[in-house]
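Worksheet for the structure shown next.
The values are calculated or read from the model by the stated rules, or taken from the named source; none is laboratory data. Fair warning: this is a prediction, and the values are worked out from it, not measured in the lab. Reconstructed Cβ throughout: ideal geometry from the backbone, glycine too, with neighbour counts over all protein chains shown. The protein model used for the area step is the full one, side chains on, heavy atoms only, and it has no ligands, DNA or RNA in it. Shrake-Rupley method; radii C 1.70, N 1.55, O 1.52, S 1.80 Å.
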Amino acid sequence: MKFRRSERLIDMTHYLLEHPRQLVPLTFFADRYGSAKSSISEDLAIVKETFEQRGIGTLQTVPGAAGGVKFFSKISEAEAREFMAELCEQIEKPERLLPGGYLYMMDLLGHPQFIHKVGKLLASVYAGQNIDVVMTVATKGIPIAQAIAAHLNVPVVVVRRDSKVTEGPTVSINYVSGSSKRIQTMVLAKRSLKEGSKVLLVDDFMKAGGTINGMVSLLAEFNASVAGIAVLVEAEHEEERLIEDYISLVKLENVNIRESTISAVEGNYFSKNIDFS
């Protein structure tokens, strides 16, 4: 069956969006559409130009007989700033305040379009890096980790507070919570993380960074390494932070429980030399 160019472009775009960071040989598309490689190359040039103009992402060409193209999810700076402003506005709603200065976020974390955009923003930072898996602690970090992993095309690993019989043998560590200074436990199934993996750590809300620091310690038990740290919201913290190298979308400057006011600004996302080209 012969495909018209318009049909090829639509199907090709859909396939690339569904398979980010995966090497797709030109022969795959040539066989799929019954077209010559030269025609496929021209189609891919159109897709690449459109992706980059619209801030969707970019296509990387891998030369050689075993080469092809890879799609990397990206976001334009204008779109990122627009969403960040909207995110700060949403977080500043006084009805989000919970005891202890925490925020109610499940309405946002459960919204598919919102969480998709959060995932794209954070995945854009690490799109070109060597990442094997995204890790977070149950439970509120899970939708963020899944959204990022979808754009990076890697698995998600969930750390728990206690072991589950359905996960088989586990590795556990004790760590000190950054804010409460309490000793807490983290558990991870042995078969969920391969030794030597490069891991992107994700947290929904960070104060001192104790949870993330605990995950870093847990990685050492698997001989795995930290490829990056992504945070949705970071709080102002008077004491010394346990981690330094991370990327956040939003920073809470002031939370006044008595007056029910929240002041939220952009995190360090734009100050970490993000490449929007």
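Could you tell me which residue of region 247-262 is farthest from Gln90 (Cα to Cα), considering only residues that are among the hydroxyl-bearing types (Ser, Thr, Tyr) and at pLDDT below 95? Before you say what the answer is, go through the steps one by one.
Initial filter on region 247-262 (among the hydroxyl-bearing types (Ser, Thr, Tyr)): 248, 260-261.
Still in the list and also at pLDDT below 95: 260-261.
Values: Ser260: 14, Thr261: 13 Å.
That would be Ser260.
Within region 78-129, take every residue that is part of a loop (DSSP other than H, G, I, E, B) and free of Cβ contacts under 8 Å to residues at least 24 places away in the same chain and give me the one that is most open to solvent (accessible area, probe 1.4 Å). Spell out how you get there, then give the answer.
Within region 78-129, the first condition is being part of a loop (DSSP other than H, G, I, E, B), and the residues that meet it are 92-93, 98, 102, 104-105, 110-111, 127-129.
If we keep only those that are free of Cβ contacts under 8 Å to residues at least 24 places away in the same chain as well, we get 98, 104, 111.
Working: Leu98: 69, Tyr104: 107, His111: 85 Å².
Going through the qualifying residues, I end up with Tyr104.
Identify all residues within region 49-69 that are small (Gly, Ala, Ser) and crowded, with 18+ Cβ neighbours inside 10 Å; write none if there are none.
Applying the first criterion (small (Gly, Ala, Ser)) to region 49-69 yields 55, 57, 64-68.
If the condition is that a residue be small (Gly, Ala, Ser) and crowded, with 18+ Cβ neighbours inside 10 Å, then Gly57, Gly68 are the ones that fit.
Going residue by residue through region 177-188, is there one that turns out to be assigned to a loop (DSSP other than H, G, I, E, B), of a type in the set (Ser, Thr, Tyr) and open to solvent by 50 Å² or more (accessible area, probe 1.4 Å)? I'd like the intermediate steps shown before the answer.
Going through region 177-188, the residues assigned to a loop (DSSP other than H, G, I, E, B) turn out to be 177-182.
From what's left, of a type in the set (Ser, Thr, Tyr): 177, 179-180.
Next, from what is left, pick out any that are open to solvent by 50 Å² or more (accessible area, probe 1.4 Å): 179-180.
Checked against the condition, which is being assigned to a loop (DSSP other than H, G, I, E, B), of a type in the set (Ser, Thr, Tyr) and open to solvent by 50 Å² or more (accessible area, probe 1.4 Å), region 177-188 yields at least one hit.
Check whether at least one residue in region 240-260 is part of a loop (DSSP other than H, G, I, E, B), open to solvent by 60 Å² or more (accessible area, probe 1.4 Å) and touching a residue at least 60 places away in the same chain (Cβ under 8 Å), and report yes or no.
Kept after step one, since they are part of a loop (DSSP other than H, G, I, E, B), are these residues of region 240-260: 240-246, 257-260.
Those still in the list that are open to solvent by 60 Å² or more (accessible area, probe 1.4 Å) too: 240, 242, 244-245, 257-259.
Okay, now just the ones that are also touching a residue at least 60 places away in the same chain (Cβ under 8 Å), so 242, 257.
So far as region 240-260 goes, yes, one or more of its residues are part of a loop (DSSP other than H, G, I, E, B), open to solvent by 60 Å² or more (accessible area, probe 1.4 Å) and touching a residue at least 60 places away in the same chain (Cβ under 8 Å).
Based on this model, can you work out whether Ile46 counts as open to solvent by 40 Å² or more (accessible area, probe 1.4 Å), touching a residue at least 12 places away in the same chain (Cβ under 8 Å) and part of a helix (DSSP H, G or I)?
Details: open to solvent by 40 Å² or more (accessible area, probe 1.4 Å): yes; touching a residue at least 12 places away in the same chain (Cβ under 8 Å): yes; part of a helix (DSSP H, G or I): yes.
Taking the combined requirement at face value, the residue satisfies it.
For region 2-40, which positions are open to solvent by 50 Å² or more (accessible area, probe 1.4 Å) and of a type in the set (S, T, N, Q)?
Residues satisfying the conditions are Ser6, Gln22, Thr27, Ser38.
Looking only at region 193-221, count how many residues are open to solvent by 20 Å² or more (accessible area, probe 1.4 Å) and either in a loop (DSSP other than H, G, I, E, B) or within 30 Å of Asn254 (Cβ to Cβ) (or both).
So in region 193-221, the residues open to solvent by 20 Å² or more (accessible area, probe 1.4 Å) come out as 194-196, 198, 204-205, 207, 211, 213, 216-217, 220-221.
Among the residues that remain, those that are also either in a loop (DSSP other than H, G, I, E, B) or within 30 Å of Asn254 (Cβ to Cβ) (or both) are: 194-196, 204-205, 207, 211, 213, 216, 221.
Matching residues across region 193-221 total 10.
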